[in-house]
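The values are calculated or read from the model by the stated rules, or taken from the named source; none is laboratory data. From a predicted model like this one, the values you see are computed outputs, not experimental measurements. Cβ atoms come from the backbone with ideal geometry, glycine included; neighbour counts cover every protein chain shown. Quick note on the areas: whole protein, heavy atoms, side chains included, nothing else; ligands and nucleic acids left out. Shrake-Rupley method; radii C 1.70, N 1.55, O 1.52, S 1.80 Å.
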Amino acid sequence: MSNASHDYLVVGAGAAGCIVANRLTASGRHTVLLLEAGGRDTNPWIPIPAGISRLLAIPDLLWLNRITPKPEFGGRSIALLQGKLLGGGTSINGMMYVRGQRGDYNSWSELGCTGWSWDEVLPYFKKSECLEEGGSDAFHGRSGELKLSWMKENIHDTARAFLEAAQQDGLRFNEDMNSGVQEGIGYLLGCIYKGRRQSTANTFLRAAAGRPNLETRTTSLVRRVLFEERRAVGVEIEDASGTVSTVRCNREVLLCAGTLSTPLVLQRSGVGDAAHLASLGIQPVVDLPQVGKNLQDHLFAHLKFRLREPRFSLNATLSSMPRMALEAMKWLLFGTGWLNVTSSHLTSFFRSGPDVHRPDVQASMRPFTFTILPSGAPKIDDFPGMTVSAIQTHPYSRGEVRIRSRDPHEDGTIDANYLSDPRDIAILARGLARIRGIMRQPAIADRVVEEVEPGADVTSPEALEHHLRTECQTVYHPVGTCRMGADADAVLDPALRVRGVQGLRVIDASVMPVISSGNTVAPAMMIGEKGADLTLADAR
Ligand SMILES: Cc1cc2nc3c(=O)[nH]c(=O)nc-3n(C[C@H](O)[C@H](O)[C@H](O)COP(=O)(O)OP(=O)(O)OC[C@H]3O[C@@H](n4cnc5c(N)ncnc54)[C@H](O)[C@@H]3O)c2cc1C
């Protein structure tokens, strides 16, 4: 093992990892080596918000995870893509900033995750954030590294019509869906500033880059954590040339490799289901059968509509080279135009029934339509259209990820088990019914020719179930595979320390016991902030 003397090894420079690296090096007292499997964030499409469709077609920037086909999900093996570069998901994602509901975090706390209630995590959301205008100081930070902006001016006219139609259908206008109360419809916050994507790499990491106590290495795949007895003392790394080396730490190894990678690194290191590990020839360090279990993700159930006129939709613009050249000029000169948008123009949250106590469906609206190619990349349709998608905020189905061998180059098995719990079908179907109700409201109905997918005649429970099982797509929000908790089965304690060993913590979206309502990047960043604080508290 090399004699390098870093205090902390941070594995993965994604949403959480870049924040952890920044916060641990801020005081100058600790040294950090940040190890990222992917490359640098230099691709020219990264800063352009609408560049997401291009980015998702560049395999070098992605982990191309394929899920195991299951009959409940139409036998499909869709790609559960994740970002593989500095910034992780934040360098390639849809930039929607959605914290979740007060009740999400209070339920974590009730499950034994002391310190994770809404009131206790709100300061960490605020700490990262720099919102220059709007919102209340009670909920928003003004001086963090992450600059956000309201997606208010640059939303399409058909999105404005949808906003009005939703209110005609009884949804209230919600001025700030990041205040812990999501119910209603309102303007999104985007991880965008002056038209440029704000990733954790070009904000938190860039701010820390000049510090002498931070070293960042890209194309450095962490193969496993190294233990002496039960203490994590370093990691084994493979660089781009295939050279394998080891590096030591004085204090802790912090795994921030994301929901699909962190449990695989743990399992390859001997932390997991001892019987499974032994069957692959891995000497178990600690028997933690829950590592890799509790996988949760959000699914999109799309409704696609054909609209009367090309001007009602962005499809023609998005697929015309001359028009996109004009948009590119606007973006370059002023940071405006249709390249400056989050992946959805509007989002809303509602309850799927009168007996539901908080919103269990998110509906996201896009004034364009697309088809997902087998690679997982989207392609714009050749008719004027709009999409509204129902997303169940708290799916009941649970999946699992596990290694197939000791070889870090062999993909793990991802049993997403989407829609394996029938309650998920029922809730998504009720979400689609509500969206259809909104689309019948006067503010928008005149623009619509027809529902093209799944089609207005697809209304029976059986037909809707078939549609959901064969057409739902991932929102790319996997979480939960190293859940924290107070119970003996939890992988982590509420301070994010791996149970049964020393010197090892997990700080990324995998720690969530239950998925947050809505998009997961803001919660992952909050976990990075709080995880860094917990680590520093132990150092003191
Ligand atoms: C296409 C897409 C669109 C999305 N859109 C949105 C959105 O609009 N809004 C939203 O809120 N959320 C969105 N998300 C989800 C969001 O980006 C993730 O929830 C978030 O990035 C998770 O943060 P993380 O820190 O857990 O992991 P990540 O951000 O994925 O970071 C993990 C990092 O670890 C690295 N890594 C993995 N394994 C190793 C290893 N063995 N050695 C070294 N490094 C390793 C990875 O390369 C990566 O850089 C989207 C995700 C995707 C993929």
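Here Gln441 meets each of (1) surrounded by fewer than 20 Cβ atoms within 10 Å (Cβ to Cβ); (2) modelled with pLDDT of 95 or more; (3) within 12 Å of the ligand (Cβ to nearest atom) with one exception, condition (3). From the list Ser348, Ser344, the one residue that fits, being in a strand (DSSP E or B), within 16 Å of the ligand (Cβ to nearest atom) and buried (at least 22 other Cβ atoms within 10 Å of the Cβ), is Ser348. When the criteria are applied in full, Ala509 meets the requirement of being within 24 Å of Ala416 (Cβ to Cβ) and in contact with a His (Cβ under 9 Å, 6 or more places away or on another chain).
Only one entry of Ile52, Ile48, Ile19, Ile67 meets the criterion of being open to solvent by less than 40 Å² (accessible area, probe 1.4 Å) and within 17 Å of Pro478 (Cα to Cα), and that entry is Ile67. Restricting attention to the range 78-123, the residues that are within 24 Å of Asp176 (Cα to Cα), basic (Lys, Arg) and within 16 Å of the ligand (Cβ to nearest atom) total 1. The residue that is farthest from the ligand (Cβ to nearest atom), among those in the range 22-41 that are open to solvent by 30 Å² or more (accessible area, probe 1.4 Å) and touching a strand residue (DSSP E or B) at 6+ places or on another chain (Cβ under 9 Å), is Arg29. Highlighted here are the helices (runs of 4 or more DSSP H) found entirely within the range 242-331 that include at least 1 residues which are modelled with pLDDT of 95 or more and among the basic types (Lys, Arg): 262-268. In this structure, Gly531 does not satisfy being more than 13 Å from the ligand (Cβ to nearest atom), under 20 Å from Cys249 (Cβ atoms) and at pLDDT 95 or above. Among the residues making up the range 227-271, those that are away from the ligand (no atom under 15 Å from the Cβ) and at positive phi are Glu229, Gly270.
Counting the residues of the range 472-488 that are modelled with pLDDT of 95 or more, open to solvent by 40 Å² or more (accessible area, probe 1.4 Å) and either in contact with a Lys or Arg (Cβ under 9 Å, 6 or more places away or on another chain) or closer than 23 Å to His298 by Cα (or both) gives 2. Looking at the range 98-178, the helices (runs of 4 or more DSSP H) lying wholly inside it that each contain 2 or more residues that are within 18 Å of Met512 (Cβ to Cβ) and not polar (S, T, N, Q) sit at 102-110, 118-128. The single residue among Arg540, Arg469 that is more than 9 Å from the ligand (Cβ to nearest atom), basic (Lys, Arg) and surrounded by fewer than 18 Cβ atoms within 10 Å (Cβ to Cβ) turns out to be Arg540.
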